[in-house]
Every structure is written in structure tokens, then in C-alpha cells.
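For reference, the structure discussed in these notes is given below.
The values are calculated or read from the model by the stated rules, or taken from the named source; none is laboratory data. Being a predicted model, the structure only gives us computed values, none of them experimental. When we count neighbours, we look across all protein chains shown, and the Cβ atoms used for this are built from the backbone with ideal geometry, even at glycine.
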Amino acid sequence: MDVCIINGSPRKEKSNSRIIIDYMSSMLEGNNIKVHGIFNTGISLEKIKKDIDKCCALILVFPLYVDSIPSQMLEFMMELEKRGVINKNIVVYCAVNNGFYEGAQNRIAIEQVRNWSRKIQVQWGQGIGIGSGEILPHLKKVPLGSGPLRNLGKVLEKFTENIKLTRKGEDIYINPNYPRFLWKIQASLSWIFKARKNKVKIWEILKKI
Amino acid sequence: MKVIIHDMEDMNFNKMFEENMLRDDKEIKIISNNGKIKGCIGCFCCWTKTPGVCILKDEYNNIGEILSKANEVIIISKCIYGSYSPFVKNILDRSIPYLLPFFKIQNKEIHHKIRYKNRFNLKVYFYGENITEEEKDTAKKLIKANKLNINFDKYDILFRIPEEL
């Protein structure tokens, strides 16, 4: 089966979306998977559209920006609508990750993708909202499905099973398998460490312009 | 200060602006599309390298500061799949220096703390020819979520066909 995955993160290969795509790709092994990044240079929209037009399942993977789809991803989706998706048998799926704890905060972006699929007259499959995308690069040594990645592993298994069968499913939102109060402390500290690397002190982070 | 963020053609916006009482306001900042806006790259430099200011070099790197001086923000945007248009969305994507990277719990969810004490009222005019009921519903949910994450005070949403603007 032809599967086309779109990475809508401006952080490209270093993005949390890319990590999720890699997890999914290994679960979808045996299928003909094409992964395209909308920010990657050297590939035309026409080429991406060709792969979309021949796929059975289209999966949009992107980060949540201010409660919804990032502007450049939105532009990409509008351009596809304008050019017209020829293959109306495509089933659209999406996986949205955010920098908060709660995966449910991705629900509006998922709804927007569903509205888009209606506009371009293709079938809607399923959306998953993943909380705490920023934790993923720090868990590369943790096997998917265990520890803080337990919930993500379970959901991706269900999600990719549906994709393999181009089956519909209820939208699912997941939090990391990790206490929220600890997450909140660690996430806040990580900003201080990142700023320190740039020689920015804690009181400078708080500054008003 | 009143801030207007819009995605209209300049000619149409200016006509509407002239015909309305908006010009009577003493202090107005209009944010419109000059066609050269850069997209947010998710670098978080506006929090960790140049706090409060977007690192991208264009005319839109001070949205956080502008919002900090606003008591009213008006958004005029085409409604796309229940979202703002790409230009208006880009302005909001690049408004995150208005917030702090640190977190608080509000309505049982994690949200960012705010950098500034001021809060503004928001009025959103969504326009478009064929906005579906689903898109309207999504757009309403979006503004409600934005209220928590961008931290504005009261809001009002109106859907219009372009001629009614």
C-alpha cells in the first residue's frame, strides 16, 4: 500500500514530528512509504502532490502552533486544495504534537484537518493528539511503549493498524506516562538551561520590552 | 492602544477604515500583509536568546511588544478550515514572545505564563464566501482556546461575507 507522510514542522529532520514519523514508519514497515517535509528544499510541490495523488493513506504530522495548524502548513494545505487532489479514495490521518502536557490541546488542529479533508472531498480517517512533544528527543534510548513513551506506543499501534486497513477511528489524545507536576518542573528548568546556553540569565528571560 | 490585524487587500481595508469610526481612535496600530513576512521557525529564540523579541529579521518581529500595549485587538481574517488565514495565523504564531516559556495550570490544563500584566479585549471578524457550520464551530473553539493561551480578556466573534465587512 502506498502511504504518504507529510512533515509540517519547520524544524525539519530535527523536529519532534520527525521522531513521530520514524516511529510510525517502522510500524508501517512493508508498505511503500514516502515522507516529504514541506520545508525541505529541492522538492517541488508538484512532486509531493504526485505522491499524494497515488497514495491510499495520507498522514499529516505537524506541531501545534497557538492552538492550531502552523501558518506554513496551512498554506501548504490551501495550495493542495487549489490544485485539486485527484485521487478521492485517499484517507487522511493526522498526528499533532504540542509542547504542553495534554494531548487534548491538539483537538482544534485535528478538527481543522478534518474540515480540510471535507473541503478537498477525501475521506477522513483519524487524528491523534500527542502531548509533550518536546520530551521526545530526550527519550531516544527509551523503547517506544515503555516508560514515559508507554501511552504513545499504545496509541501509535492502534493508529498505524487503522492506517494499514485505511480504517476510520475515533480521535485519540494522549499525555506522556509521566507525572504532570514533575513534567512542569523539568519543562520550566529546561527553558532556563536553554537560555543559559545563549548566555541569557533567568531574570533576562522575564524581561518586558 | 487599538491594534488591527487584517489580511485584506490594502484598498479594501482603507475604504472600510475610512467609512468606519475607527479613524477617530487616537492610537491605532495596523498590522497588514506587506508580502514579505517570514514564517515562525519554532526556534524559541524569542524566549531563550532575545527574550520578548522574535529573532527573524522583518517588520513583524515585535508583535509581543505591540500586544503588550493593546487594550483592544481587532482581527479581520478569512476563515480557512476553521482557522485564521495564513497571514493572520503567522502573526499569531510570531506573537509568542508576548508570553513566557514557563508554565501555569489554568482550567486544569498547562498553559504559558504571561510576560506582561496588561490584558486586551479581542474582536474577530471571520469572513469568507462558503464558511461551513463545522468551520464556524471550529473557529469558535479556536478563539476560546486562544483566550487561555494568549491570555486576552473578553472576546467577540462575528462571521461575515466579504461584502458585509
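Looking at the stretch A:63-118 only, could you name the residues that are β-branched (V, I, T) and in contact with an Asp or Glu (Cβ under 7 Å, 6 or more places away or on another chain)? Answer for the stretch A:63-118, where residues must be β-branched (V, I, T) and in contact with an Asp or Glu (Cβ under 7 Å, 6 or more places away or on another chain): A:V66, A:V85, A:I86, A:I108, A:I110. Scanning the stretch A:1-60 for residues that are aliphatic (A, V, I, L, M), in contact with a His (Cβ under 8 Å, 6 or more places away or on another chain) and assigned to a helix (DSSP H, G or I) yields a single hit, A:I48. Could you tell me which residue of the stretch B:63-119 is farthest from the other protein chains (Cβ to nearest Cβ), considering only residues that are in a strand (DSSP E or B), surrounded by 22 or more Cβ atoms within 10 Å (Cβ to Cβ) and touching a residue at least 60 places away in the same chain (Cβ under 8 Å)? Per the stated criteria, the residue is B:I76. Against the numbered list (1) farther than 30 Å from B:E135 by Cα; (2) outside any loop (DSSP other than H, G, I, E, B); (3) more than 9 Å from chain A (Cβ to nearest Cβ); (4) of a type in the set (A, V, I, L, M, F, W, C), B:L56 comes up short only at (2). The set of residues from the stretch B:29-53 being of a type in the set (S, T, N, Q) and within 13 Å of another protein chain (Cβ to nearest Cβ) comprises B:N33, B:T48, B:T50. Could you tell me whether B:K15 is part of a loop (DSSP other than H, G, I, E, B), surrounded by fewer than 14 Cβ atoms within 10 Å (Cβ to Cβ) and basic (K, R)? No. Counting only helices (runs of 4 or more DSSP H) that sit wholly inside the stretch A:109-209, those with at least 1 residues that are more than 10 Å from every other protein chain (Cβ to nearest Cβ), under 20 Å from the mean Cα position of the chain (by Cα) and within 28 Å of A:M78 (Cβ to Cβ) are A:150-164. Tally up the residues in the stretch A:61-96 that are at pLDDT 95 or above, in a loop (DSSP other than H, G, I, E, B) and on the phi < 0 side of the Ramachandran plot, please. Summing the residues that are at pLDDT 95 or above, in a loop (DSSP other than H, G, I, E, B) and on the phi < 0 side of the Ramachandran plot in the stretch A:61-96 gives 4. Within the option set A:I33, A:I59, being touching a Ser or Thr at 6+ places or on another chain (Cβ under 7 Å) and of a type in the set (A, V, I, L, M, F, W, C) holds for one residue only, A:I33.
Among the residues of the stretch B:91-113, those that are under 19 Å from B:C43 (Cα atoms) and either modelled with pLDDT under 95 or out of contact with any Cys (no Cβ under 7 Å at 6 or more places or on another chain) (or both) comprise B:I91, B:L92, B:S95, B:Y98, B:L99, B:L100, B:P101, B:F102, B:F103, B:H111, B:H112, B:K113. If the condition is being among the hydrophobic types (A, V, I, L, M, F, W, C) and surrounded by fewer than 19 Cβ atoms within 10 Å (Cβ to Cβ), then the stretch A:1-18 contributes only A:M1. Scanning the stretch A:102-134 for residues that are under 26 Å from A:K194 (Cβ atoms) and buried (at least 23 other Cβ atoms within 10 Å of the Cβ) returns A:G103, A:Q105, A:N106, A:A109, A:G129, A:I130, A:G131, A:S132, A:G133.
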